[in-house]
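One structure is given here, and the rest of the page talks about it.
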Amino acid sequence: MQDPIRNAINEAYKDGKFSNAKKIDTRQKVRNQKKKFLPFSITIIATCFVAVLTIFLLTSSDENIYKLKGTSSSQLAPNDVAPAYMNRFEEFKELLSYGGMDEEKQLQYLAESDWLLQRAIESGESLFYNSQGLSEEEIYNLNSLLFYMYEYVANPSEEIQFAIGDIKSFEQLRVKAEELSNTLASLTNNEYISTAQEQTATNSSFLNADFPQQLVTISVFLFFSTLLYRNWKGNRNLFFGFIQVFILIFLLWIICFGNDAYMRFGHNETMLMQETLTQIESDIDLVGGENLSYAATFGNYRYALINLYDDVSAFSSFERTDEAYIYQGAQWGKQKFFTEHVFVDDETRIFVIATQEGHTASRIDLIGDGKLGTFTINIEPGKANIYGIYIPSSFNSFSTAIYDTNEELLH
Amino acid sequence: MDEQTKDSLLTEAMNEYGDYLVQLCYTYVRNWQTAEDLAQETFIRYYNNLPKFRGEASVKTYLFRIAVNVCKDYLSSWKYKKVHISEIFQKLLKSEDTPEKQAIKHDEQAQLVKGIEGLQTKYKDVLLLFHFGEMTLEEVSFALNIPVNTVKTRLRRARRTLGIALEEGGEDHARSNS
């Protein structure tokens with residue numbers, strides 16, 4: 001007995017035939033499909049490449065922008081890092097040579113930042129110093145020594161038990177730096193992080209995002225990728241396929257080059273200057289030829305002093321967040337001195353003063369009202385610099401007096 | 001595998017199973033033109049996958065497996081949904097059946113086919129492959145990539161559902177006569 005279901009379908013569908021015309025058409029299609037497939041895949045690949053290339057073309061790197069906008073002045077020609085380093089080390093030795101740390105010398109030591117030296121050592125050649133021929137290990141040791149010397153002076157705890165006086169030259173210091181650095185590290189609380197390591201913020205908004213955001217982005221990306229794949233595989237609808245390709249490229253752009261990617265950070269001299277110029281160019285006409293006069297880091301704050309044109313300078317500040325030093329603001333004008341003060345913690349604040357090239361000052365006094373006392377630091381006349389004067393938070397009412405080399409009041 | 005062999009195998013498959021596949025696809029899409037297009041798509045996929053075909057199953061089983069997937073893909077596609085919506089509108093505009101369709105409705109075999117077409121896809125799959133495709137339980141299992149026991153269960157339920165559908169059809173028929 002025949003299967004009733006098969007009988008029924010055979011009877012009902014007896015007119016359902018795979019026609020000869022369709023067979024011929026099928027043969028034609030299988031022969032032509034390779035020719036059709038290739039251009040389609042090439043179109044998609046080409047579209048992706050064009051999109052990525054366009055993005056690259058439209059996204060100028062920080063370095064390139066800087067090269068267009070900034071030039072270094074003749075006064076900032078690179079000097080060898082060794083004398084500057086040894087000068088700093090001698091100051092440190094002098095501080096330790098007393099029975100207890102001299103408060104004035106301590107203040108003076110802390111008023112100067114080691115950041116430009118550290119940057120020069122790390123990068124090999126910066127706008128300010130060059131330091132060719134140092135190995136990776138030496139770079140790390142020398143920079144960490146600078147950091148721990150500063151930390152130790154900021155929080156002196158006990159006598160250092162090693163013969164620091166034996167070191168007379170930079171060559172000797174290169175050899176001894178690791179040992180000194182380790183000893184000082186054991187006496188301080190903070191840990192050295194190189195400027196390269198501090199750059200946790202990347203040029204990708206995706207990597208800067210927190211984990212849930214990354215998860216959502218990946219999920220959305222995978223969702224559309226799956227849709228695209230299924231669509232492509234099933235040949236369902238070319239129009240929607242293209243929409244999905246567009247969304248995919250758009251997501252790639254968001255992931256790699258989203259708005260946050262254009263957020264610039266103060267990781268190095270170039271970025272400090274470039275970000276400052278970008279921020280202020282809507283308020284001031286830039287004529288090109290700007291140069292970085294000085295830069296410094298004090299705690300979680302970083303500063304840049306920039307010579308804009310003629311006698312006009314800008315002084316900008318950056319504050320460290322979890323990921324990077326972010327631009328906070330800038331002052332500009334024809335003055336030779338810029339000041340700012342920031343709170344470090346409940347007990348300490350830093351009074352920051354930037355001196356532009358050509359100034360005639362040699363001393364700064366912070367004169368407290370009543371019995372608050374006075375804090376004094378010496379500054380080098382004529383040189384651009386940024387000083388950070390550590391003062392207690394209780395020192396909240398004071399005036400500033402700047403004297404020239406003849407002890408005459410300038411400001 | 002060279003092009004000539006592939007062409008030869010394709011021609012052989014189209015001649016032997018072409019009609020079968022069109023009819024199978026029709027049960028899913030209920031449109032002869034579309035069914036023929038889907039059968040063609042099945043043969044194209046078969047042709048493309050010929051180098052991977054290692055003879056684990058018969059050509060027929062392999063073709064039916066592809067066809068079922070092609071039909072399912074089509075039913076979930078945007079194109080089908082667009083056509084389906086326009087058909088619904090057309091049906092709304094033409095509410096009365098033609099005398100020819102009325103005649104078909106009275107036919108018992110046509111009622112059975114209508115019942116099969118109305119089955120849920122998962123039941124329709126096993127029922128068609130087993131009865132119409134004359135496959136064994138194992139072949140159906142391979143074609144649909146499901147366990148043999150699942151094939152048995154679905155087949156049982158499909159038959160039961162079909163019985164109910166037939167009864168309902170019969171009742172309708174009885175009412176229309178009275």
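The values are calculated or read from the model by the stated rules, or taken from the named source; none is laboratory data. Because the structure is a prediction, the values reported are computed rather than measured. Positions of Cβ are generated from backbone atoms using ideal geometry, with glycine treated the same way; all protein chains shown enter the neighbour counts. For the accessible areas, the whole protein counts, side chains as well, though only heavy atoms, and no ligand, DNA or RNA atoms are used. Shrake-Rupley method; radii C 1.70, N 1.55, O 1.52, S 1.80 Å.
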Checking A:Glu408, A:Glu380 in turn, the sole residue that is under 32 Å from the mean Cα position of the chain (by Cα) and among the charged types (D, E, K, R) turns out to be A:Glu380
- Query: Looking at this structure, is A:Ile193 of a type in the set (A, V, I, L, M), part of a loop (DSSP other than H, G, I, E, B) and modelled with pLDDT of 80 or more?
  - Reply: yes
In the set B:Leu38, B:Leu63, the lone residue that is among the hydrophobic types (A, V, I, L, M, F, W, C) and more than 16 Å from A:Tyr13 (Cβ to Cβ) is B:Leu63
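Okay, residues lined up against (1) over 21 Å from the mean Cα position of the chain (by Cα); (2) closer than 18 Å to A:Phe170 by Cα; (3) of a type outside the set (Gly, Ala, Ser); (4) modelled with pLDDT under 90:
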{"residue": "A:Gln108", "(1), (2), (3), (4)": "yes, no, yes, no"}
{"residue": "A:Asp114", "(1), (2), (3), (4)": "no, yes, yes, no"}
{"residue": "A:Ala120", "(1), (2), (3), (4)": "no, yes, no, yes"}
{"residue": "A:Met149", "(1), (2), (3), (4)": "yes, yes, yes, no"}
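Residue by residue, here is whether (1) open to solvent by 80 Å² or more (accessible area, probe 1.4 Å); (2) closer than 27 Å to A:Leu272 by Cα; (3) out of contact with any Phe, Trp or Tyr (no Cβ under 9 Å at 6 or more places or on another chain) holds:
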position: A:Thr339; (1), (2), (3): no, yes, no
position: A:Val344; (1), (2), (3): no, yes, no
position: A:Gln356; (1), (2), (3): no, yes, no
position: A:Phe375; (1), (2), (3): no, no, no
position: A:Ile379; (1), (2), (3): no, yes, no
position: A:Asn385; (1), (2), (3): no, yes, no
position: A:Tyr390; (1), (2), (3): no, yes, no
position: A:Asp404; (1), (2), (3): no, no, yes
Heads up, the strands (runs of 3 or more DSSP E) in segment A:282-324 (entirely inside) with at least 1 residues that are open to solvent by 10 Å² or more (accessible area, probe 1.4 Å) and of a type in the set (A, V, I, L, M) are A:312-320
message = Residue under question is A:Lys93, and the condition is that it be in a helix (DSSP H, G or I) and either touching a strand residue (DSSP E or B) at 6+ places or on another chain (Cβ under 9 Å) or modelled with pLDDT of 60 or more (or both); does it hold?
response = yes
Cβ pairs under 7 Å, 6+ apart or interchain, first in segment B:3-32 and facing chain A (nearest Cβ under 9 Å), second buried (at least 19 other Cβ atoms within 10 Å of the Cβ) and of a type in the set (Asp, Glu), ordered by first then second residue, are B:Val22/B:Glu36
Within segment B:49-79, residues open to solvent by 50 Å² or more (accessible area, probe 1.4 Å), within 14 Å of chain A (Cβ to nearest Cβ) and closer than 17 Å to B:Tyr17 by Cα come out as B:Asn69
Within segment A:12-27, residues closer than 10 Å to B:Gly18 by Cα and of a type in the set (Ser, Thr, Tyr) come out as A:Ser19
